[in-house]
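Engineer: Structure in C-alpha cells, see below.
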Amino acid sequence: MSEQFTQLQARLADVHNLNMAGAVLDWDQQTYMPQGGVQSRSEQRATLSKIAHQMLTSEETSKLLSDAERDNDGYETTQAFLRVARREFDHATKLPAALVEETSRVTSIAQEVWAQARAANEYSMFAPHLEKIVDINRRTAQALGYEDKLYDALLDQYEEGMTCAQLDPIFKQLKEASIPLIQKIAQQPAIDDSVLARDYDGQTQKSFAERVLDECGFDFNRGRQDLSVHPFCTNFGRGDVRITTRLNTNDLQSALFGSLHEMGHALYEQGIAPDLDGNVLGGGVSLGVHESQSRLWENQVGRSRAFWKHNYRRLQEKFSTQLSDVSEDDFYRAINKVEPSCIRVEADEVTYNLHIILRYEMENDLLEGRLSVADAPEAWNAKMQQYLGVTPPDDAHGILQDVHWSIGAMGYFPTYSLGNILSAQLWNRVLESAPNMEDQIARGDFSVLLPWLRENIHRFGKIYTPKQLVQRATGSPLDVAPYAKYLNDKFGTIYGL
Ligand code: ZN
C-alpha cells in the first residue's frame, strides 16, 4: 500500500469523523435539544461542515487522490476506496461555492415557508421558493454533468449510476402492475381497519416494538431507539446506530411499522464489515439499497402472516381490552388494507409507488420546463386522479405534503420505489436458499434472514456499486417482475381476486 494511499485514508477519515460529529449534533437536535438551542446549534453544525468541506476539497486531498490513483495496488478494496473517494471529491468540487452557499440560503428559508404554507394551505406562499429551487437544481445538474437528462445528474447523487433511461421502463412496468390491481381491489368490499385507531398506550407500543426489534436482531449494545417528530435512522459508525420512532395513541401502525422500517436501515449499518468502519466505504451504498432493507423488514416481514402468527397473541396480551374481539385474521387484513389516498407516507404497499411515479414525472417536467411552477398543483391533482382515482381536497394534502422540495431535494423520490422493487428480489432469493424461512418466522425464529442479508448485502458497505451489488446478491439486474408478483399474490389472496 503506497504512502499516498495511507495518507489519503487518514485524511478522509478526518473528514468522515467531522461529518459523524455533525450527525451526533443533528441527532441531538431532533431528539433532546431544548428549543432554545436552535440558533447556536445551526452555527455549530455549519462550522463542522465547512471544515469538512474545506478538507475534502483542498489541494492536498486532490493531490493525494491523484497520486493514489496512479500508484495503487490493484486490490478490490483499494479500487473501491478510490472509486468512492473520487466520487465524493468530484461531487464536492464540481459545485461552485457560490451555488452551495445559495442552495443553503434558499432552502433554509424555503423550509420555514413551506411549513407555514402547508399549515395555511396556501401554495402561492411557497411557489416563489419552489421556483428558485427548481432553478438551483437545474444549475446543480449542469455543474455535476450528465449525458442525457438533467434529472440523471440529480438522481445519481442518491443512486449511483441510475438514469431516467433505466427508470422509465421500470416505472412503466410498475404502473402496469399496480393500476389494474388497485382497480380490482376497489371492486371488492372495503376492509374495516378501525380497530387500529382504538386507544393504545404509547409506552406499551414502544416496549412491544423494542421486543420485536430485539428478536429480529437489532443490537441494542450498538444502537438505541428514541422519540422524534419524524422517525429516522442515523449512525456514527457501525457501533452506534440510532433510530427514532413516534407514538400515536390512536394509530397502532405508526410506531410499530415505523420502528421496523427504521430498524431495517439500522441493521444495514450495524452489519457493515468492521474493517470498513470509519472511512468512505463504511456505510450503505445507496438510498435505494438502503430502502430495500427498511421495506423488507417493514413489509415482507412485518406485514406478513408468518410474522403475526408468532406475534399477534403477544400483542393481544399487551392490549387485551382493545384487541380482545379482533381475530388474527382480521388484524392481518387491517394492517394490509389497500385504499388509494392522497398522502404518500400513509399509502399502502399497492398504491405507494404511484405516489413516487407522480413525483418523478413532475420533477422531470419542472426541470425541463414542460411544466411551470404556477401550473404544478393542477398537474399534481390531475395525475392523482389518473393514477389513484382520488383528487386532493386541497394543496396541503396535495403538492405541499412532502418536505423534500423545500430542502432542495429533487431526484430523491425514485429511490423509495427502487427499494420496494429490490426488496422483493432479495426476499425471493433468500427463500430459494431457505424454503422454510416463513415457517421459522412464524415461530419467532429470525436466524436465517438477518445472516443472509449480512452476508449478501450489509457487510460490503460501498465496495460494490449499487448495480454490482444487486447483480451479486440477486443474480440479476433490478427487475420489477418479482415485486409485481409479490403484490398480486399477497393482495390477490387478501381480497379474494
Ligand atoms: Zn426509509
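Engineer: Under 16 Å Cα-Cα from Lys318, which lysines qualify once same-chain neighbours fewer than 8 residues away are excluded?
Structural biologist: Lys206, Lys309
Engineer: Based on the Cβ-Cβ distance from Val345 to Thr6, what FRET efficiency comes out when R0 is 41 Å, to the nearest 0.05? Could you put the intermediate results ahead of the total?
Structural biologist: Working: r = 45 Å, r/R0 = 1.10.
Calculated transfer efficiency: 0.35.
Engineer: Taking the highest mean first, how do the peptides 36-45, 465-474 order by number of other beta carbon atoms within 10 angstrom per residue? Please list the in-between numbers first.
Structural biologist: Details: 36-45: 12.0, 465-474: 18.9.
Sorting 36-45, 465-474 by mean packing, highest first, produces 465-474, 36-45.
Engineer: Identify, among Val480, Asn19, Phe446, the residue whose Cα sits farthest towards the positive end of the charge dipole of the chain, taking +1 on the Cβ of Lys and Arg and -1 on the Cβ of Asp and Glu, with the dipole about the Cα centre.
Structural biologist: It is Phe446, whose Cα lies furthest towards the positive end.
Engineer: So in the chain, what percent of DSSP beta bridges are antiparallel if you round to the nearest 5?
Structural biologist: Looking only at bridges with both residues in the chain, the antiparallel portion is about 40 percent.
Engineer: Can you give the net charge of the other residues whose Cβ lies under 13 Å from the Cβ of Arg333, counting K and R as +1 and D and E as -1?
Structural biologist: -3
Engineer: Under 5 Å between amide hydrogens, which residues at least 5 positions from Leu227 or on another chain qualify, with H placed 1.01 Å from N in the peptide plane?
Structural biologist: The answer is Thr245.
Engineer: Tell me, what ³J(HN,Hα) does each residue in the stretch 112-117 have, in order and in whole Hz, if you take phi through Karplus 6.51 cos²θ - 1.76 cosθ + 1.60 with θ = phi - 60° and put x for Gly and Pro?
Structural biologist: 4, 5, 4, 4, 5, 5
Engineer: What does the charge dipole of the stretch 14-99 about its Cα centre add up to, to the nearest 20 debye, if the Cβ of each Lys and Arg holds +1 and the Cβ of each Asp and Glu holds -1?
Structural biologist: 340
Engineer: Same structure, new question: Quick one: net charge of Thr493's neighbours, Cβ under 11 Å, K/R +1, D/E -1?
Structural biologist: Taking every Cβ under 11 Å from that of Thr493, the sum is +2.
Engineer: Follow-up. What does the charge dipole of the chain about its Cα centre add up to, to the nearest 20 debye, if the Cβ of each Lys and Arg holds +1 and the Cβ of each Asp and Glu holds -1?
Structural biologist: The calculated dipole for the chain is roughly 460 debye.
Engineer: Moving on. Have a look at the DSSP beta bridges in the stretch 113-248 and tell me what percent are antiparallel, nearest 5.
Structural biologist: Among the beta bridges of the stretch 113-248, antiparallel pairing accounts for roughly 40 percent.
Engineer: Could you pull out the longest piece of the chain with no exposed loop chymotrypsin sites (Phe, Trp or Tyr not before Pro) in it, calling a site exposed if DSSP puts it outside H, G, I, E, B and it has at most 11 other Cβ atoms within 10 Å?
Structural biologist: So the longest stretch without any such site is 76-497.
Engineer: Counting Lys and Arg as +1 and Asp and Glu as -1, each charge on the Cβ, what is the dipole of the stretch 393-497 about the Cα centre in debye, to the nearest 20?
Structural biologist: 500
Engineer: Probe of 1.4 angstrom, ligands and nucleic acids ignored: what's the accessible area per residue over the stretch 168-265, in square angstrom?
Structural biologist: Working: 4350 Å² over 98 residues.
Per-residue accessible area for the stretch 168-265 comes out at 44 Å².
Engineer: If a/c stays under 1.5 just call it rounded; otherwise compare a/b with b/c (prolate if a/b is bigger, oblate if not). Do that for the stretch 367-429, with a ≥ b ≥ c from the square roots of the Cα gyration tensor eigenvalues. Working shown, then result.
Structural biologist: Values: a/c = 2.29, a/b = 1.66, b/c = 1.38.
Since a/c reaches 1.5 and a/b is larger than b/c, the shape of the stretch 367-429 is classed as prolate.
Engineer: Something else: Quote to one decimal, in nm, the extra length available between Asp135 and Gln203 on full extension: 0.36 nm per residue of separation minus the C-alpha distance between them.
Structural biologist: Values: separation 68, 0.36 × 68 = 24.48 nm, distance 4.53 nm.
Once the chain is fully extended between Asp135 and Gln203, it gains 19.9 nm.
Engineer: Note down the nm distance, to one decimal, between modelled labels 7 Å out along Cα→Cβ at Arg222 and at Glu455.
Structural biologist: Going from the Arg222 label point to the Glu455 one covers 1.8 nm.
Engineer: Set Lys and Arg Cβ to +1 and Asp and Glu Cβ to -1, take the dipole of the chain about its Cα centre, and tell me which of Val134, Pro169, Met263 lies farthest positive.
Structural biologist: Met263
Engineer: Among residues other than Phe446 whose Cβ falls under 14 Å from its Cβ, what is the net charge (Lys/Arg +1, Asp/Glu -1)?
Structural biologist: That sum, taken over residues with Cβ under 14 Å, equals -2.
Engineer: Can I ask one more? For the chain, what is the per residue volume of the convex hull drawn over the alpha-carbon atoms, in cubic angstrom?
Structural biologist: Working: hull volume 73.9 nm³, N = 497.
It comes to 149 Å³ per residue, whole-number rounded.
Engineer: Once amide H atoms are built 1.01 Å from N in the peptide plane, which residues 5 or more positions from Asn235, or in another chain, come under 5 Å H to H?
Structural biologist: When sequence neighbours closer than 5 places are left aside, the close amide H contacts are Arg242.
Engineer: For the stretch 303-408, rounded, prolate or oblate, judged on the Cα gyration tensor with a ≥ b ≥ c (square roots of eigenvalues), a/c < 1.5 rounded, else prolate if a/b > b/c?
Structural biologist: It comes out prolate by the Cα gyration axes.
Engineer: Between Gln116 and Arg472, how many nm apart are label points set 7 Å from Cα along the C-beta direction?
Structural biologist: Spacing of the two 7 Å Cα→Cβ label points: 4.9 nm.
Engineer: Could you tell me the relative contact order of the stretch 215-292? Use alpha-carbon pairs under 8 Å, at least six residues apart, and round to a whole percent. Show your work: numbers first, answer last.
Structural biologist: Numbers: 111 pairs, mean separation 20.5, N = 78.
Relative contact order here is 26 percent.
Engineer: Which whole-Hz ³J(HN,Hα) couplings does the stretch 193-203 yield from phi under the Karplus relation 6.51 cos²θ - 1.76 cosθ + 1.60, θ = phi - 60°, glycine and proline marked x?
Structural biologist: Karplus-based 3J(HN,Hα) across the stretch 193-203 equals 10, 4, 4, 6, 9, 5, 7, 10, 4, x, 5 Hz.
Engineer: Over the stretch 30-77, average the accessible area per residue using a 1.4 Å probe and give it in Å², no decimals.
Structural biologist: 68
Engineer: Mind listing the phi-derived Karplus ³J(HN,Hα) values for the stretch 294-304, rounded to whole Hz, using 6.51, -1.76 and 1.60 with θ = phi - 60°, and x for any glycine or proline?
Structural biologist: 5, 6, 4, 6, 5, 9, 4, 8, x, 9, 9
Engineer: Here is a follow-up. In the stretch 272-387, what percent of the accessible surface is made up of carbon and sulfur (1.4 Å probe, ligands and nucleic acids excluded)?
Structural biologist: The value for the stretch 272-387 is 44 percent carbon and sulfur by accessible area.
Engineer: Shifting gears a bit: What spacing in nm lies between the two simple spin-label points modelled at Ser327 and Ala97, each 7 Å away from Cα in the Cβ direction?
Structural biologist: Roughly 6.9 nm, to one decimal.
Engineer: Under 5 Å between amide hydrogens, which residues at least 5 positions from Asp251 or on another chain qualify, with H placed 1.01 Å from N in the peptide plane?
Structural biologist: Distant-sequence amide H within range of Asp251: Tyr200.
Engineer: Here's a follow-up. Can you tell me the orientation of helix 3-31 relative to the chain, as the angle in degrees between its alpha-carbon axis and the longest Cα principal axis, to the nearest 10?
Structural biologist: Rounded to the nearest ten degrees, it is 40.
Engineer: Still on this structure, I have one more. Rounded, prolate or oblate: which fits the stretch 30-180, taking a ≥ b ≥ c as square roots of the Cα gyration tensor eigenvalues, rounded meaning a/c under 1.5, else prolate when a/b beats b/c?
Structural biologist: The shape class here is oblate.
Engineer: Here is a follow-up. May I ask which residue of Ser42, Ala97, Gln79 lies farthest towards the positive end of the charge dipole of the stretch 1-105, with charges of +1 (Lys, Arg) and -1 (Asp, Glu) on Cβ and the Cα centre as origin?
Structural biologist: Ser42
Engineer: Could you pull out the pairs from Lys149/Lys467; Lys175/Lys337; Lys184/Lys490; Lys132/Lys172; Lys149/Lys462; Lys184/Lys485 whose alpha carbons sit more than 24 Å apart here? Write down the numbers at each step before the final one.
Structural biologist: Values: Lys149/Lys467 20 Å; Lys175/Lys337 19 Å; Lys184/Lys490 14 Å; Lys132/Lys172 30 Å; Lys149/Lys462 26 Å; Lys184/Lys485 15 Å.
Distance filter (> 24 Å) returns Lys132/Lys172; Lys149/Lys462.
Engineer: Take the solvent-accessible surface of the protein heavy atoms, probe 1.4 Å, and return the percent of it on the stretch 54-135 that carbon and sulfur atoms account for.
Structural biologist: 52
The values are calculated or read from the model by the stated rules, or taken from the named source; none is laboratory data. Since the structure is predicted, the reported quantities are computational estimates derived from the model, not experimental observations. Counting neighbours? That spans all protein chains shown, and the Cβs are built from the backbone with ideal geometry, glycine included. To get the accessible areas, we keep the full protein, side chains included, count just its heavy atoms, and leave off ligands, DNA and RNA. Shrake-Rupley method; radii C 1.70, N 1.55, O 1.52, S 1.80 Å.
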